[in-house]
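Undergrad: Take a look at this one; I'll ask things after.
What follows draws every value from the coordinates through simple rules; no lab data is involved. Bear in mind that the values here come from a model prediction, so they are computed numbers and not experimental data. In this analysis, Cβ positions are derived from the backbone assuming ideal geometry, glycine residues included, and neighbour counts consider all displayed protein chains.
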Amino acid sequence: MKQDWKPGTMIYPLPALLVSCGSTPEDYNLFTVAWAGTICTNPAMCYISVRPERHSYALIKQNMEFVLNLTTEDMAYATDWCGVRSGRDYRKFEEMKLTPGKARMVAAPIVEESPLSIECRVKEIVSLGSHDMFIAEVLNVKADERYLDEQSGKWSLDASHPLVYLHGAYYGLGRKIGKFGWSVEKKKE
């Protein structure tokens, strides 16, 4: 039997992302989001939803750009810490011993320890209630070569042990079950 609950956001798991923003080292900041996702393939677009009272909200609105940095199990402590501490009070890169790196297309820094950094330029801000959605075009993706499979030539994010957020808690991913389209592939005889 299923129960009825009040409306809520129960689409889980989500990637636990570190968003980097700011245009100069003096204002670089990091914050954690799980309210994020893909919007479009062509052009490549994504979104993050941010509370207007967050310190980084004003930085993103001023510069109209940010970087999504995927996180790993090894980055779990820093990911959580950056989500509960304000950039008004802390220099998060320094506190968490993370390295701001140079992005190719935006002034906001990448996180060098991240396996994948997605450089984004904001196209639109939509006020939705508790959060505003920053709809952004993806301008560049920086992928750590350590996760490039030399045999297949494919980049393998799963080798980085991604961190996900599930209803108030962080988790690693379990074992691989299949790949896109495996349910309809013709079986080799």
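Undergrad: Using every pair of alpha-carbon atoms in the range 112-162, split the distances into 5 Å bins beginning at 0 and state the percent of pairs per bin, rounded to integers.
TA: Going out from 0 Å in 5 Å bins, the range 112-162 shows 4, 18, 17, 15, 14, 13, 10, 5, 2, 0 percent.
Undergrad: Before anything else, pin down the relative contact order of the range 67-189: Cα pairs under 8 Å, at least 6 apart, normalised by residue count, whole percent.
TA: Over the range 67-189, the number comes to 23 percent.
Undergrad: Assign unit charges at the C-beta atoms only (+1 for Lys and Arg, -1 for Asp and Glu), then state the dipole size of the chain relative to its Cα centre in Debye, rounded to the nearest 20.
TA: Working: 23 positive and 24 negative charges, 104 e Å.
For this selection, approximately 500 debye.
Undergrad: Which of D132, D158 comes first, and how do the rest follow, when ranked by fewest Cβ neighbours within 10 Å?
TA: Working: D132 18, D158 11.
In increasing order of surrounding Cβ atoms, one gets D158, D132.
Undergrad: Within 10 Å of each residue's Cβ, count the other Cβ atoms and sort M1, M10, M133, M75 from fewest upward.
TA: On the way: M1 2, M10 7, M133 17, M75 25.
With the sparsest Cβ surroundings first, the list reads M1, M10, M133, M75.
Undergrad: When only alpha-carbon atoms count, how far does the range 1-93 stretch along each of its three principal axes, as whole angstroms with the largest first?
TA: Principal axes ranked by extent give 54, 34, 28 Å for the Cα atoms.
Undergrad: If you build a Gaussian network model of the chain, linking Cα atoms that sit under 10 Å apart, which residue out of R121, R104, R175 swings the most?
TA: The residue that fluctuates most here is R175.
Undergrad: Further, regarding this structure: Please give me, ordered by residue number, the GluC sites (Glu not before Pro) of the range 110-174 that lie in loop per DSSP and have at most 16 other Cβ atoms within 10 Å. Walk me through the numbers on the way to the answer.
TA: On the way: sites: E112, E113, E119, E124, E137, E145, E150; in loops: E112, E113, E150.
Here the sparse-neighbourhood loop sites are E112, E150.
Undergrad: Which ordering of R51, R88 is given by a fewest-first count of other beta-carbon atoms within 10 Å?
TA: On the way: R51 13, R88 9.
Final ranking by Cβ density, sparse to dense: R88, R51.
Undergrad: For semi-axes √(5λ) of the Cα gyration tensor in Å, several values are listed as (i) 30, 18, 14; (ii) 28, 22, 17; (iii) 31, 24, 17; flag the one computed from this structure.
TA: Given (i) 30, 18, 14; (ii) 28, 22, 17; (iii) 31, 24, 17, the calculated one carries the label (ii).
Undergrad: Given the DSSP H assignment, sum -39500 (n - 2.57) over each helix run of at least 4 residues in the chain and divide by its residue total; what's the result at 222 nm in deg cm²/dmol, nearest 500? Please list the in-between numbers first.
TA: Values: 3 runs with 22 residues, N = 189.
So the helix-based figure for the chain works out to -3000 deg cm²/dmol.
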